[in-house]
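**Q** Can you read through this structure? Questions will come right after.
The values are calculated or read from the model by the stated rules, or taken from the named source; none is laboratory data. No experiment lies behind these values; they were computed from the predicted model shown. In this analysis, Cβ positions are derived from the backbone assuming ideal geometry, glycine residues included, and neighbour counts consider all displayed protein chains.
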Amino acid sequence: SQKIEQNSEALNIQEGKTATLTCNYTNYSPAYLQWYRQDPGRGPVFLLLIRENEKEKRKERLKVTFDTTLKQSLFHITASQPADSATYLCALDKAHSGAGSYQLTFGKGTKLSVIP
Amino acid sequence: KAGVTQTPRYLIKTRGQQVTLSCSPISGHRSVSWYQQTPGQGLQFLFEYFSETQRNKGNFPGRFSGRQFSNSRSEMNVSTLELGDSALYLCASSTDSNYGYTFGSGTRLTVV
């Protein structure tokens with residue numbers, strides 16, 4: 001069966017350091033891999049999308065890598081700040097007719113705490 | 001531009017009752033999907049609508065249903081509520097699967 005795992009339930013990191021979160025998947029052929037941020041009591045907020053034929057994507061202090069051979073994505077936040085503290089969710093969108101299927105499968109998330 | 005609006009924000013219902021939740025997508029977004037989020041199972045896909053047609057359905061019992069109107073607004077209905085239906089129900093809209101999804105703040109449903 002399809003499985004998505006985010007390696008840590010929680011990650012504590014010192015302010016200013018780089019936070020690295022991992023997402024692994026099995027039995028899946030994703031078109032896109034997406035990362036979301038979720039704060040308590042709120043809906044997820046879209047951060048980055050990376051396609052199966054892309055290796056890396058950047059946006060400001062965020063960087064995502066996607067290795068379809070290893071079936072793994074790494075999500076990096078450089079120069080982390082206390083305001084980055086949140087739960088980060090990895091989500092896969094299955095390939096369908098050359099695009100996504102509009103049906104996301106989410107990992108359970110990693111709760112990141114950035115300590116001042 | 002306005003985000004995805006979900007109403008109500010909170011709801012308390014009794015076992016056996018039914019409930020209807022509403023979602024107004026971002027203007028111009030024709031795809032609307034629904035997710036259930038619980039501490040144990042995380043975020044799970046319920047269904048997705050596009051131009052008033054259900055295109056995808058997740059692995060939930062038939063008590064969970066939805067619909068989409070011609071203005072892209074969507075509703076989901078849960079009949080014969082069970083305690084296990086207590087969850088945060090999230091709606092997301094998208095213009096294209098290439099661009100990620102915009103989620104609403106959710107409806108927190110508590111079944112007592």
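**Q** Within the group A:ARG37, A:ARG42, which residue is part of a loop (DSSP other than H, G, I, E, B) and within 14 Å of another protein chain (Cβ to nearest Cβ)?
**A** Criteria check complete, one pass: A:ARG42.
**Q** Can I ask one more? Take segment A:26-35 and flag every residue that is out of contact with any Gly (no Cβ under 8 Å at 6 or more places or on another chain) and either among the charged types (D, E, K, R) or touching a residue at least 40 places away in the same chain (Cβ under 8 Å) (or both). Give the derivation first.
**A** Of the residues in segment A:26-35, the ones out of contact with any Gly (no Cβ under 8 Å at 6 or more places or on another chain) are A:26-30, A:33, A:35.
Answer for segment A:26-35, where residues must be out of contact with any Gly (no Cβ under 8 Å at 6 or more places or on another chain) and either among the charged types (D, E, K, R) or touching a residue at least 40 places away in the same chain (Cβ under 8 Å) (or both): A:THR26, A:TYR28, A:SER29, A:PRO30, A:LEU33, A:TRP35.
**Q** Identify all residues within segment A:21-58 that are among the polar types (S, T, N, Q) and more than 17 Å from A:LYS71 (Cβ to Cβ); write none if there are none.
**A** Across segment A:21-58, the qualifying residue is only A:GLN38.
**Q** If I filter segment A:21-34 down to residues being hydroxyl-bearing (Ser, Thr, Tyr) and part of a loop (DSSP other than H, G, I, E, B), which single residue comes out as surrounded by the most Cβ atoms within 10 Å (Cβ to Cβ)?
**A** The selected residue is A:TYR28.
**Q** While we're on this one: Can you tell me which condition B:TYR49 does not meet? The list is (1) among the hydroxyl-bearing types (Ser, Thr, Tyr); (2) surrounded by fewer than 20 Cβ atoms within 10 Å (Cβ to Cβ); (3) free of Cβ contacts under 8 Å to residues at least 40 places away in the same chain, and all the others hold.
**A** Result: B:TYR49 passes all but (2).
**Q** Considering only residues that are at the interface with chain A (Cβ under 7 Å from one of its Cβ atoms) and crowded, with 20+ Cβ neighbours inside 10 Å, which ones fall in segment B:103-112?
**A** B:PHE103, B:GLY104, B:GLY106 - these are the residues of segment B:103-112 that are at the interface with chain A (Cβ under 7 Å from one of its Cβ atoms) and crowded, with 20+ Cβ neighbours inside 10 Å.
**Q** Looking at A:LYS57, is it part of a loop (DSSP other than H, G, I, E, B), of a type in the set (D, E, K, R) and at pLDDT 95 or above?
**A** no
**Q** Okay, next question. Among (1) within 22 Å of A:THR105 (Cα to Cα); (2) surrounded by fewer than 14 Cβ atoms within 10 Å (Cβ to Cβ), which single condition is B:SER27 missing?
**A** (1)
**Q** Is at least one residue of segment A:107-116 assigned to a strand (DSSP E or B), at pLDDT 90 or above and more than 16 Å from the chain's Cα centre (by Cα)?
**A** Yes, there is a match, as at least one residue in segment A:107-116 is assigned to a strand (DSSP E or B), at pLDDT 90 or above and more than 16 Å from the chain's Cα centre (by Cα).
**Q** For the condition exposed (fewer than 13 other Cβ atoms within 10 Å of the Cβ), at pLDDT below 95 and among the acidic types (Asp, Glu), what is the one hit in A:ASP93, A:ASP39, A:ASP67?
**A** A:ASP67
**Q** Would you be able to tell me the number of residues in segment A:1-20 that are surrounded by 12 or more Cβ atoms within 10 Å (Cβ to Cβ) and acidic (Asp, Glu)?
**A** The qualifying residues number 2.
**Q** Of everything in segment B:69-91, what is within 14 Å of chain A (Cβ to nearest Cβ) and farther than 15 Å from B:SER27 by Cβ? Give them in sequence order.
**A** Correct list: B:ALA87, B:LEU88, B:TYR89, B:LEU90.
**Q** Taking the condition within 15 Å of the chain's Cα centre (by Cα) and within 13 Å of B:GLY100 (Cβ to Cβ), does A:LEU21 pass? Talk me through it step by step, then tell me what you get.
**A** Details: within 15 Å of the chain's Cα centre (by Cα): yes; within 13 Å of B:GLY100 (Cβ to Cβ): no.
For A:LEU21, the condition - within 15 Å of the chain's Cα centre (by Cα) and within 13 Å of B:GLY100 (Cβ to Cβ) - is not met.
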